[in-house]
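The values are calculated or read from the model by the stated rules, or taken from the named source; none is laboratory data. Given the structure is predicted, the values throughout are model-derived calculations rather than measurements. Note that we place each Cβ from the backbone using ideal geometry, even for glycine, and neighbour counts take in every protein chain shown.
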């Protein structure tokens, strides 16, 4: 009985580690980032090309004069920021914690109407019953650490962040190593109990 319980615990640990290792970070809009886009459907077009799963992170990079309001899909469609789920006034990373549909807008007057809005569909995992979205136009990239200093900029200062390069093979190896370590740890825990 204790062995079955130990094995179940080990399995849960491994599954949890696999989900953590598979989470991706996306820079919203890729090189365009979060700004007034070239077309009114730019961010929705970008989002539909992604395959978001619970645990993925959306990195919103923007300068002064923008914000991010997380809203319902209906509020995004109406460009209504009066009942936000969350508000972000500086560049931020949002972790997708639940499956379903969520949306984001820039609440600054006129920006949502100009296309700064995005509806995101989030699956429980990459193995969900829904068909996968088209492959991303660009691989998810790591968010630049410089986003955390944006609040300290003086008014009127422009921050230029060069586009992040595509990840090398090393992050994949790190994920595989983390997964193997997790399996090893789970086996050790299972035998220790």
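Quick notes on this one:
- Screening the candidates 129, 125 for the property of being at pLDDT below 95, out of contact with any helix residue (DSSP H, G or I) (no Cβ under 9 Å at 6 or more places or on another chain), surrounded by fewer than 19 Cβ atoms within 10 Å (Cβ to Cβ) and part of a loop (DSSP other than H, G, I, E, B) yields one hit, 129.
- A search for C-beta distances below 6 Å between a residue of the range 44-73 that is farther than 17 Å from residue 114 by Cβ and any residue that is at pLDDT 95 or above and in a helix (DSSP H, G or I), counting only pairs 6+ apart in sequence or on different chains, returns nothing.
- Of residues in the range 56-87 being surrounded by fewer than 19 Cβ atoms within 10 Å (Cβ to Cβ) and under 17 Å from residue 27 (Cβ atoms), the one farthest from the chain's Cα centre (by Cα): 63
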